[in-house]
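Worksheet: the structure to be examined is printed underneath.
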Amino acid sequence: MSPKPQEAVRAHVLIVEDNDLNRKLAQEILHLHGYATATAVSGEEAVELACRQAFDLILMDIQLPEMDGLEATRLLKSKPPTRDVPVLAVSALARSEDRERAMQAGCDGYLTKPYGIKALVQAIELALSARRASPDSGLASSQAS
Ligand code: MN
């Protein structure tokens, strides 16, 4: 799904979230802010999709059934091309150890649920700008023909 056709797509984001309502909410917010989205409901699906399709960012729920967000992130960060895609962790766990564990798994940012619209967009932009700043990174949006 994409924002309105007359608007340029800011970035392609993969939303990984097992809760229907949270997933739809994130999707809605991102579309309103000009991001194109795809969704996955499990760690397995996220890894499979990210290997087939180029994303600029992955919004990764940590609490997922079977393969959780941490394990999915470790897999994604273990090899190209997905290792260069920033992963923004989203979790209801707010302790510093939880954040630390996510960063150790390879997450590039950590957002606590419930989040505000502004917090989500800011966290996404921060993760994207960190990637844009690194010299040899091409964004999926600019690579797309
Ligand atoms: Mn969840």
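Kindly indicate whether any position in the stretch 37-47 is closer than 14 Å to residue 89 by Cβ, within 16 Å of the ligand (Cβ to nearest atom) and either at pLDDT 95 or above or surrounded by fewer than 18 Cβ atoms within 10 Å (Cβ to Cβ) (or both).
Yes - at least one qualifying residue is present in the stretch 37-47.
Quick check: anything in the stretch 49-68 at pLDDT 95 or above, within 15 Å of the ligand (Cβ to nearest atom) and open to solvent by 60 Å² or more (accessible area, probe 1.4 Å)?
yes
Give the residue that is modelled with the lowest pLDDT, with candidates limited to residues of the stretch 1-36 that are farther than 18 Å from residue 127 by Cβ and among the small types (Gly, Ala, Ser).
Among them, the one singled out is 2.
Checking residue 93 against (1) surrounded by 14 or more Cβ atoms within 10 Å (Cβ to Cβ); (2) within 16 Å of the chain's Cα centre (by Cα); (3) not basic (Lys, Arg), which single condition isn't satisfied?
Evaluating residue 93 over (1) surrounded by 14 or more Cβ atoms within 10 Å (Cβ to Cβ); (2) within 16 Å of the chain's Cα centre (by Cα); (3) not basic (Lys, Arg) leaves (2) as the failure.
The values are calculated or read from the model by the stated rules, or taken from the named source; none is laboratory data. Remember, it's a predicted structure, so these values are computed and weren't measured experimentally. Virtual Cβ from ideal backbone geometry, glycine too; neighbours counted across all protein chains shown. All accessible areas refer to the heavy atoms of the entire protein, side chains included, with ligands and DNA or RNA removed. Shrake-Rupley method; radii C 1.70, N 1.55, O 1.52, S 1.80 Å.
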